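The values are calculated or read from the model by the stated rules, or taken from the named source; none is laboratory data. Note that this is a predicted model, so its numbers are computed, not measured. For neighbour counting, all protein chains shown are included, and Cβ atoms are generated from backbone atoms with ideal geometry for every residue, glycine included.
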């Protein structure tokens, strides 16, 4: 038996875990158990100020990142009232590199600040350089570091003792894979905003570029699945760069490549968009056949999301993160109730932010979201 490297004692009762599990399971079937489930996009940048450490500390080594992920998980489970995280006696760790993992693999420059999130800088300056891009080897660069850290974290998870109110739990390592940035997002990371007008002036070159990125992502995901063959159940993609495009441009330059990824890795077809995406909803349904719209942006009014997508896909969002950061608890609660009134009757809704909880957001304002769900209870009818 391996020794104990880390020990985590979490104060969270089994009864709450079971409630969370039932709520999430019911929502997956477009129903509800006792109320709409709540879940937030809480990433390490939220927790590092809570623990008083520089953001760079979590990138010192696989062991350091694993340790801090465990501390963040304990804090989150014990202090943030939500349903999506603790549905059983387990915590999960895994390599985390913000949103730069795939872009860095294709050659974007990564900036590693002391107290800011990692971000990438473009490295392609000319249209001619698009043709010179070669898809990276799946185990090279930051993809290789993610693989190595995943293997180390798998061993560290086995050496972690976890208890929930004294009862035995366990630590696990999350599935190894690509980050979920769409090919178009990676293209914009590599080129910058010039990629938007290049699509108009040099469409053939841009299509060839996007196709190479897509094939590289598929090769990398297959490589990761050979190392970690557990079922994934589908794929989620972030399409944040698409919101500046018309529906026609989206169909031409985003849909074929996202669809190829979804078709290659069948199952859940999830899409995330932070901002105003209403003009793309029809394409998301008819061209990409998405099954979930995850942490969709607060700029989409809840009644618009309900009208365009409700009852046909799972919806998760969309409270304004800046309101959650700076607003009063009552303002947050009222906004959450408004979202519930529009979206809960559609079925399968999860209430949350839209998208990404800001560092410094008061726990009381997060609690106000869950309190709104409890106050609202079950919708009188669903549109599904």
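Counting only strands (runs of 3 or more DSSP E) that sit completely within the stretch 157-261, those holding 3 or more residues that are touching a helix residue (DSSP H, G or I) at 6+ places or on another chain (Cβ under 7 Å) and farther than 28 Å from residue 123 by Cβ correspond to 170-173.
Among 82, 78, which is the only one that is surrounded by fewer than 18 Cβ atoms within 10 Å (Cβ to Cβ) and touching a residue at least 60 places away in the same chain (Cβ under 8 Å)? Working first, answer last.
Details: 82 fails: surrounded by fewer than 18 Cβ atoms within 10 Å (Cβ to Cβ).
78 is the lone residue from the list that is surrounded by fewer than 18 Cβ atoms within 10 Å (Cβ to Cβ) and touching a residue at least 60 places away in the same chain (Cβ under 8 Å).
Residues considered: 344, 373. Of these, the only one that is closer than 16 Å to residue 304 by Cα, in a helix (DSSP H, G or I) and in contact (Cβ under 8 Å) with a residue 40 or more places away in the chain is 344. With the requirement that a residue be farther than 16 Å from residue 4 by Cβ and in contact with a strand residue (DSSP E or B) (Cβ under 6 Å, 6 or more places away or on another chain), what does the stretch 155-171 give you? Listed by number, the list holds a single entry, 164. Among the residues making up the stretch 1-57, those that are under 18 Å from residue 165 (Cα atoms) and in contact with a strand residue (DSSP E or B) (Cβ under 6 Å, 6 or more places away or on another chain) are 6, 7, 8, 9, 10, 12. Pairs meeting the criteria (first residue in the stretch 124-153 and without any contact (Cβ under 8 Å) to a residue 40 or more places away in the chain and on the phi > 0 side of the Ramachandran plot, second residue crowded, with 16+ Cβ neighbours inside 10 Å and in a helix (DSSP H, G or I), beta carbons under 8 Å, at least 6 apart or on different chains) are 141/104; 141/105. The listed residues are 81, 2, and the only one of them that is in contact with a helix residue (DSSP H, G or I) (Cβ under 7 Å, 6 or more places away or on another chain), part of a loop (DSSP other than H, G, I, E, B), modelled with pLDDT under 95 and at negative phi turns out to be 2.
Pick from 295, 288: which is modelled with pLDDT of 95 or more, more than 30 Å from residue 51 (Cβ to Cβ) and either assigned to a loop (DSSP other than H, G, I, E, B) or within 17 Å of the chain's Cα centre (by Cα) (or both)? Walk me through it before giving the result.
Details: 295 fails: more than 30 Å from residue 51 (Cβ to Cβ).
Step by step, each of 295, 288 is checked, and only 288 is modelled with pLDDT of 95 or more, more than 30 Å from residue 51 (Cβ to Cβ) and either assigned to a loop (DSSP other than H, G, I, E, B) or within 17 Å of the chain's Cα centre (by Cα) (or both).
Does residue 48 satisfy being modelled with pLDDT under 95 and either over 18 Å from the mean Cα position of the chain (by Cα) or not in a loop (DSSP other than H, G, I, E, B) (or both)? Against the criterion (modelled with pLDDT under 95 and either over 18 Å from the mean Cα position of the chain (by Cα) or not in a loop (DSSP other than H, G, I, E, B) (or both)), residue 48 does not qualify.
The set of residues in the stretch 281-294 being without any contact (Cβ under 8 Å) to a residue 40 or more places away in the chain and at negative phi consists of 281, 282, 283, 284, 285, 286, 287, 288, 290, 293. Would you confirm whether or not the stretch 89-111 contains a residue that is more than 18 Å from the chain's Cα centre (by Cα), closer than 30 Å to residue 22 by Cβ and touching a residue at least 40 places away in the same chain (Cβ under 8 Å)? Yes, because at least one residue in the stretch 89-111 is more than 18 Å from the chain's Cα centre (by Cα), closer than 30 Å to residue 22 by Cβ and touching a residue at least 40 places away in the same chain (Cβ under 8 Å).
Quick grid of which residues meet (1) closer than 30 Å to residue 269 by Cβ; (2) without any contact (Cβ under 8 Å) to a residue 60 or more places away in the chain:
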{"position": "11", "(1), (2)": "no, no"}
{"position": "19", "(1), (2)": "yes, no"}
{"position": "27", "(1), (2)": "yes, no"}
{"position": "59", "(1), (2)": "no, yes"}
